[in-house]
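Below is one structure; the comments refer to it alone.
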Amino acid sequence: MSGRSVHPLMKYIRPETLPLPHCPGCGDGVIAQCILRAVDELGLDFTKLAFVSGIGCAGWIPSPLFYTDVLHTTHGRPIAFATGLKLANPELNVVVISGDGDLSAIGGNHLIHGARRNIGLSVICVNNFIYGMTGAQVAPTTPHGLQTDTTPYGNLENPFDLCKLVEAAGGTYVARWSTLHARQLIRSIKKSLQRKGFSFIEVLSPCPVRYGPLIKVRHPVDMVKWLQGIMVGKEEAKKLSAEELSQKIVVGEFVEKTAPELSEQYTKMRWTENGEN
Ligand SMILES: Cc1ncc(C[n+]2csc(CCOP(=O)(O)OP(=O)(O)O)c2C)c(N)n1
Ligand SMILES: [Mg+2]
């Protein structure tokens, strides 16, 4: 025996893919660990899960790190690929992990229609408020007025509230946490992995290398403090005025309901059509 202890989550990881490619202070490693802890705590067979990611830093969370089927798809298309995967294999637990740009800009239509269809996917959206991997271009989550590489005079557009968007489109589980909410995040991921419909979990995540310089917060520790300062819990938010609330991002669980799931309905219909039901 070598006497060296092995991390309990190592069994879910392809060792040759370490170390992670992410920058110092990035939240993506925390999110990877929260996903693996959720899987571990539920005792799920990891080979019955498939992960689908798009292009961007967040796309590297499952790929190639996770030791199961991982589909690293094109920018903006992970929900489209995941939809095909789920319809062809309704038994598979399909998890989409991607960035705010990927899922809400180029992939925005797939996001709202996935929610509208209530297809059984767990979508984890890493919101760092920017296109991180390509060098800090404006995203649909970037605050109004902020100067970015592509908005040098300030962003004239208003950011999406992604949770409200998915709720309005029909998502049946919707929550927002940050990388500072590891316990809540693990709990939400566990819920999403056990339920049938379209789950959307937004995770606010620090990007000290690309986003930090835009808001004049450079050190990873200062970035964590900044993140702490912009969030407010769902209950606390009720006590704030509209003006105060406009400066904050509300975290918590927003939707949890049941509705017919697409792949289940589709499977039933197929069997009925074939006269085998
Ligand atoms: C069709 C297409 N358009 C644009 C790009 C360039 N591109 C790659 S990643 C990316 C944005 C990534 O931002 P986000 O999805 O927020 O992920 P992050 O890197 O911030 O985690 C863009 C625009 C591409 N690869 N393919
Ligand atoms: Mg991003």
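State which residue is least open to solvent (accessible area, probe 1.4 Å) when the search covers only segment 1-17 and only residues that are aliphatic (A, V, I, L, M) and at pLDDT below 95.
Restricting attention to segment 1-17, the residues satisfying the condition of being aliphatic (A, V, I, L, M) are 1, 6, 9-10, 13.
Then keep just the ones that are at pLDDT below 95; that gives 1, 6.
On the way: Met1: 230, Val6: 110 Å².
Within segment 1-17, the match that is least open to solvent (accessible area, probe 1.4 Å) is Val6.
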(request) Give the residues of segment 94-127 that are within 12 Å of ligand 2 (Cβ to nearest atom), small (Gly, Ala, Ser) and out of contact with any Pro (no Cβ under 9 Å at 6 or more places or on another chain), sorted by residue number. (result) Gly99
(request) List the number of the failed condition for Arg176; all other conditions in (1) open to solvent by 60 Å² or more (accessible area, probe 1.4 Å); (2) on the phi < 0 side of the Ramachandran plot; (3) of a type outside the set (Gly, Ala, Ser) hold. (result) (1)
(message) I'd like the full set of residues that are outside any helix (DSSP H, G or I) and modelled with pLDDT under 95, limited to segment 220-277.
(response) Ser246, Gln247, Asn274, Gly275, Glu276, Asn277
(request) Check whether at least one residue in segment 206-213 is in a loop (DSSP other than H, G, I, E, B), open to solvent by less than 30 Å² (accessible area, probe 1.4 Å) and in contact with a His (Cβ under 9 Å, 6 or more places away or on another chain), and report yes or no. (result) yes
(request) Evaluate segment 61-69: report whether one residue or more is among the hydrophobic types (A, V, I, L, M, F, W, C) and away from ligand 2 (no atom under 16 Å from the Cβ). (result) yes
(request) Scan (1) within 15 Å of ligand 2 (Cβ to nearest atom); (2) open to solvent by less than 50 Å² (accessible area, probe 1.4 Å) for the single condition Phe46 breaks and write down its number. (result) (1)
(request) Scan segment 116-127 and report the pairs whose first residue is of a type in the set (Lys, Arg) and whose second residue is surrounded by fewer than 24 Cβ atoms within 10 Å (Cβ to Cβ), with Cβ atoms within less than 6 Å and a gap of 6+ or a chain change. (result) Arg116/Ala169; Arg116/Gly170; Arg117/Leu262
(request) Answer yes if at least one residue in segment 52-72 is more than 11 Å from the chain's Cα centre (by Cα), open to solvent by 40 Å² or more (accessible area, probe 1.4 Å) and polar (S, T, N, Q), and no otherwise. (result) no
(message) Filter segment 119-172 down to the residues that are in contact with a helix residue (DSSP H, G or I) (Cβ under 7 Å, 6 or more places away or on another chain), of a type in the set (Gly, Ala, Ser) and outside any loop (DSSP other than H, G, I, E, B) and list them by number.
(response) Ser122, Ala169
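Listed residues Val224, Val166; which is closer than 30 Å to Gly120 by Cα and of a type in the set (Val, Ile, Thr)?
Values: Val224 fails: closer than 30 Å to Gly120 by Cα.
Testing whether each residue is closer than 30 Å to Gly120 by Cα and of a type in the set (Val, Ile, Thr) leaves just Val166.
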(message) Exactly one of these conditions fails for Gly170: (1) touching a residue at least 60 places away in the same chain (Cβ under 8 Å); (2) over 25 Å from Leu87 (Cα atoms). Give me its number.
(response) (2)
(request) Give the residue, chosen from Ile130, Ile124, Ile97, that is open to solvent by less than 10 Å² (accessible area, probe 1.4 Å), within 13 Å of ligand 1 (Cβ to nearest atom), more than 16 Å from Val52 (Cβ to Cβ) and not charged (D, E, K, R). (result) Ile130
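The values are calculated or read from the model by the stated rules, or taken from the named source; none is laboratory data. Fair warning: this is a prediction, and the values are worked out from it, not measured in the lab. Virtual Cβ from ideal backbone geometry, glycine too; neighbours counted across all protein chains shown. Ligands, DNA and RNA are stripped out before the accessible areas are found, and what is left, the full protein with its side chains, is counted by its heavy atoms. Shrake-Rupley method; radii C 1.70, N 1.55, O 1.52, S 1.80 Å.
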